[in-house]
Amino acid sequence: MIVAVGIDVVLVERFARALTRTPLLGERLFTEGERTTVSGSPRSAESLAARFAAKEAVAKALGAPSGLHWHDCEVVSDPDGRPWLTVAGTVAAVAADRGVARWHLSLSHDGGIASAIVVAEA
């Protein structure tokens, strides 16, 4: 059963400027695994913007409670490149309280916009 749906859209250029303007922002928002590709190269601004959109979409699906930590929601990729979510700590606690047992994630970026849709399932 679907518990909630969250969606978010990010302007890639604006997000890239924020990362440049505030060098530690990337470390605050993303885990090491999110900041780099499987080969170890830095992720593109488009890819990071989509991951940020996913974290925002998760927060929206949970009702945007205060106190969530950015690193407690991680977008990881399987060997084929398909993204999925792992949650821990603050995010996992709220998800459990809301009855969420499984997450579904779709990321996209095109035309200067990155987006994410998250479905929370019981």
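Please treat every number below as a calculation from the coordinates, not as lab data. Everything quoted here is computed from the prediction, not taken from an experiment.
In degrees, nearest 10, range 0 to 90: what is the angle between the Cα axis of helix 12-21 and the longest Cα principal axis of the chain?
Roughly 70 degrees, rounded to the nearest 10.
Sequence-distant or interchain residues sharing an amide H contact under 5 Å with Ala4, placed H: which?
Counting only residues 5 or more places away or on other chains, the set is Ala120.
Could you work out the helix-only [θ] at 222 nm for the chain, with each DSSP H run of four or more residues adding -39,500 (n - 2.57) and the total divided by the number of residues, to the nearest 500 deg cm²/dmol?
Numbers: 5 runs with 45 residues, N = 122.
Using -39500 (n - 2.57) per qualifying helix, the result is -10500 deg cm²/dmol.
Report Rg (one decimal) and Dmax (nearest whole number) for the chain, counting Cα atoms only, units Å.
In Å, with Rg to one decimal and Dmax whole: 13.8, 42.
Can you work out the Karplus-derived ³J(HN,Hα) for every residue in region 96-109? Use 6.51 cos²θ - 1.76 cosθ + 1.60 with θ = phi - 60°, whole Hz, and x for glycine or proline.
Per-residue couplings from phi come out as 4, 5, 8, x, 7, 10, 8, 10, 10, 9, 10, 10, 8, 8 Hz.
How tilted is helix 45-61 with respect to the longest principal axis of the chain? Cα atoms for both, answer in degrees (0 to 90, nearest 10).
20 degrees
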